[in-house]
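The values are calculated or read from the model by the stated rules, or taken from the named source; none is laboratory data. Being a predicted model, the structure only gives us computed values, none of them experimental. When we count neighbours, we look across all protein chains shown, and the Cβ atoms used for this are built from the backbone with ideal geometry, even at glycine.
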Amino acid sequence: MSVTDSSAPHLTVSVVIPVHDGMPHLPETIASVLAQTRQADEIVVIENGSTDGTAECL
């Protein structure tokens, strides 16, 4: 069965990004996920009390 076969079951792709004070890297990280050949069905960013503006960016 090919991954492009319409009879193939739908596979869900989730990307989880844990981040703590990672604001300088977050836009590039998310852009990289969005640029993948197989798009993620969901992107979950887990922000862990950052003090560098990460939460405000989200």
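Structure above, values below:
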item	result
Residue 56 charged (D, E, K, R), at pLDDT below 95 and in a helix (DSSP H, G or I)	yes
Complete set of residues in the stretch 40-53 that are surrounded by fewer than 11 Cβ atoms within 10 Å (Cβ to Cβ) and assigned to a loop (DSSP other than H, G, I, E, B)	49, 51
All positions within the stretch 21-39 that are assigned to a loop (DSSP other than H, G, I, E, B) and surrounded by 14 or more Cβ atoms within 10 Å (Cβ to Cβ)	21, 22, 23
